[in-house]
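Asks: Pasting a structure below so you can have a look.
The values are calculated or read from the model by the stated rules, or taken from the named source; none is laboratory data. The model shown is predicted, which means the values in this text are computed figures rather than measured ones. Don't worry about glycine lacking a Cβ; one is built from the backbone with ideal geometry, like all the others, and counts go over all protein chains shown. Heads up: the accessible areas ignore ligands, DNA and RNA and are worked out on the full protein's heavy atoms, side chains in. Shrake-Rupley method; radii C 1.70, N 1.55, O 1.52, S 1.80 Å.
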Amino acid sequence: MQDTKPLLVFAAVLEHGSMNAAAAALGMTPSAVSQHISRLEALHGVKLLHRSTRRLSPTDAGRSLGIHCARLLHTLADAHQALENLKTEAAGEVHIALASVLADAPPFQVALQRLRQEYPNILPVLHAEDALADLQREPIDIALRGGLTALEAPDLIARPLASWRWQICAAPDYLARHGTPQQPDDLHRHRWIYCLPLRFEMTRGSERYLFDGAGHTACRQLATVRSLTLGGLGLSLQLEGEVRELTDRGLLQPLLADWTLGAVDLYAVTSVRVQSAKTEAVLRILQECFAADAQNFQAA
């Protein structure tokens, strides 16, 4: 690509009317400005400026070229302004990748409501898929991830959102037909719906119980596991923060509440540390809404 700096310098000379004024505007010396103009004239074999001790004026060729150089200068200024707006203007699309079930989580929905109210020019685009999005290759601004998958890539920046425990859940209709488990051994007599392998540890004080199940209904999508559980087809593992509203409404019932299962740490992950204003706004609202949800849960 040919060097455009002499063209920009020439545009500045015409705009400011002298070598000295153009040099001051560009942060250059008058000698450097003069050298750029001379190089441009020598390279193309055309005289661009009439020089005298009193005044400087463009030749016919200089006036013709000056029109295009002025456009180039303004286009460059617009490009720099657009880059600056990416940092300072909270507007435009923000692509968010998340698991299929996380869209139901109350803090995430509250975050979307706040985003709409506080930043109406930010347009969230949700990629609700259970497979991990590749932030380096896909147009994803923020990925909501749980567990070690949020931390395994050293080039990703993970911001903590929440820590949610697993719960064993079932629909009241299923329990009415098949009975409610009273102890961990009872779990083996029930139907299960799962996406992740059915192997987990439960604790109660100093007691430990390892459940290892097989031969049940496997699903490839977490949202399908929840839908089938709500439909009364069996037991499943659900994260407490995602199903809190469903359990509060009695649509799902947590089982063996005196036993504790493992927790999943949830993070908002980005591929770069310095964000545009729109992405930074979404990250802040997500962190505030998930923090408020945790505080409300602890206070309840």
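Asks: For Ile67 and Ala214, compute 0.36 nm times the residue count separating them, minus their Cα-Cα distance, and round to one decimal in nm. Spell out each step's value before the answer.
Replies: Working: separation 147, 0.36 × 147 = 52.92 nm, distance 7.56 nm.
In short, 45.4 nm is gained.
Asks: With an 8 Å Cα cut-off and a minimum separation of 6 or more residues, compute the relative contact order for the chain in percent.
Replies: On the way: 450 pairs, mean separation 67.7, N = 300.
It comes to 23 percent, rounded to a whole number.
Asks: Kindly write out, for segment 13-22 in residue order, the coupling ³J(HN,Hα) from the Karplus curve 6.51 cos²θ - 1.76 cosθ + 1.60 (θ = phi - 60°), rounded to whole Hz, with x marking Gly and Pro.
Replies: 4, 5, 5, 9, x, 7, 5, 5, 5, 5
Asks: A further question follows. Quick one: accessible surface of Asp248, probe radius 1.4 Å, all protein chains present, in square angstrom to the nearest 10.
Replies: About 120 Å², rounded to the nearest 10.
Asks: Okay, moving on. Which of Leu239, Leu98, Val282 sits farthest toward the positive end of the charge dipole of the chain, with +1 on the Cβ of Lys and Arg and -1 on the Cβ of Asp and Glu?
Replies: Going by the charge dipole, the pick is Val282.
Asks: For Cys195, Cys169, give me the order by solvent-accessible area with a 1.4 Å probe, most accessible first, ignoring ligands, DNA and RNA. Provide the component values of the computation, followed by the final result.
Replies: Numbers: Cys195 45, Cys169 0 Å².
Result, largest first: Cys195, Cys169.
Asks: Would you mind calculating the gained length between Val125 and Ser227 on full extension (0.36 nm times residue separation, minus the Cα-Cα distance), in nm to one decimal? Don't jump to the answer; show the numbers that get you there.
Replies: Values: separation 102, 0.36 × 102 = 36.72 nm, distance 2.34 nm.
Roughly 34.4 nm would be gained on extension.
Asks: Okay, moving on. Could you sort Tyr267, Tyr174 by accessible area so the largest value comes first, with the probe set to 1.4 Å?
Replies: Values: Tyr267 35, Tyr174 0 Å².
My answer, sorted largest first, is Tyr267, Tyr174.
Asks: Something else now. Under a Cβ-only charge scheme (Lys and Arg +1, Asp and Glu -1), can you give me the dipole magnitude of the chain about the Cα centre, in debye to the nearest 20? Show your work: numbers first, answer last.
Replies: On the way: 28 positive and 32 negative charges, 242 e Å.
For this selection, approximately 1160 debye.
Asks: While we're here: Along the charge dipole of the chain, pointing to its positive end and built from +1/-1 on Cβ of Lys, Arg, Asp and Glu, which listed residue (Leu72, Leu48, Gly250) has its Cα farthest out?
Replies: Leu48
Asks: Okay, next question. Using modelled amide H (1.01 Å from N, peptide plane; none on Pro or chain starts), what sits under 5 Å from the amide H of Ala162, excluding residues fewer than 5 places away?
Replies: Residues meeting the amide H criterion: Leu266.
Asks: Accessible area of the chain with a 1.4 Å probe: how many percent of it is carbon plus sulfur?
Replies: Details: 8830 of 17000 Å².
Roughly 52 percent of what the probe reaches on the chain is carbon or sulfur.
Asks: If I model a spin label as a point 7 Å beyond the Cα along the Cα-Cβ vector, how far apart are those points for Arg51 and Gln182 in nm?
Replies: 10.3 nm
Asks: Report Glu15's accessible area, 1.4 Å probe, all protein chains in place, as a number in Å² to the nearest 10.
Replies: Solvent-accessible area, nearest 10 Å²: 120 Å².
Asks: To continue, here is another question. How much net charge surrounds Arg159 when only other residues with a Cβ under 14 Å from its Cβ are counted (Lys, Arg +1; Asp, Glu -1)? Intermediate values should be presented prior to the final figure.
Replies: Values: positive: Arg145, Arg273, Arg284; negative: Asp141, Asp265, Glu280, Glu288.
Charge balance in the 14 Å sphere: -1.
Asks: Any idea what angle helix 30-44 forms with the longest principal axis of the chain, computed on alpha-carbon atoms, 0 to 90 degrees, nearest 10?
Replies: That works out to roughly 80 degrees.
Asks: Pop out the ³J(HN,Hα) list for segment 92-108 in order, Karplus 6.51 cos²θ - 1.76 cosθ + 1.60 with θ = phi - 60°, rounded to Hz; leave Gly and Pro as x.
Replies: x, 6, 10, 8, 10, 9, 7, 5, 4, 8, 6, 4, 7, 5, x, x, 6
Asks: Let me ask something additional. Tell me what the chain gives for mean residue ellipticity at 222 nm when only DSSP H runs of n ≥ 4 count, each as -39,500 (n - 2.57), the sum divided by the residue total, rounded to 500 deg cm²/dmol. Could the numbers behind the result be given before it?
Replies: Numbers: 9 runs with 125 residues, N = 300.
Calculated mean residue ellipticity at 222 nm is -13500 deg cm²/dmol.
Asks: Heavy atoms only, 1.4 Å probe, whole protein assembly: order Lys278, Lys5 by accessible area, highest first.
Replies: Values: Lys278 40, Lys5 100 Å².
The residues order as Lys5, Lys278, largest area first.
Asks: Taking amide hydrogens as modeled 1.01 Å from N in the peptide plane, which residues meet the under 5 Å criterion relative to His127, leaving out close sequence neighbours?
Replies: So His127 has HN proximity to Ile96, Ala97, Leu98.
Asks: Expressed in nm to one decimal, what extension gain is obtained for the pair Glu288 and Ser31 from 0.36 nm per residue of sequence separation less their Cα-Cα distance?
Replies: Numbers: separation 257, 0.36 × 257 = 92.52 nm, distance 5.53 nm.
Residue separation times 0.36 nm, minus the Cα-Cα distance, leaves 87.0 nm.
Asks: Apply the Karplus curve 6.51 cos²θ - 1.76 cosθ + 1.60, θ = phi - 60°, to the phi angles in segment 190-195 and return the couplings in whole Hz, x for Gly and Pro.
Replies: Residue by residue, segment 190-195 yields 10, 7, 10, 10, 8, 10 Hz.
Asks: Turning to a different aspect of this structure: Give the accessible surface of segment 246-300 per residue, rounded to a whole number of Å², with probe radius 1.4 Å and ligands, DNA and RNA excluded. Mind showing how you got there, number by number?
Replies: Working: 2800 Å² over 55 residues.
Result: 51 Å² per residue.
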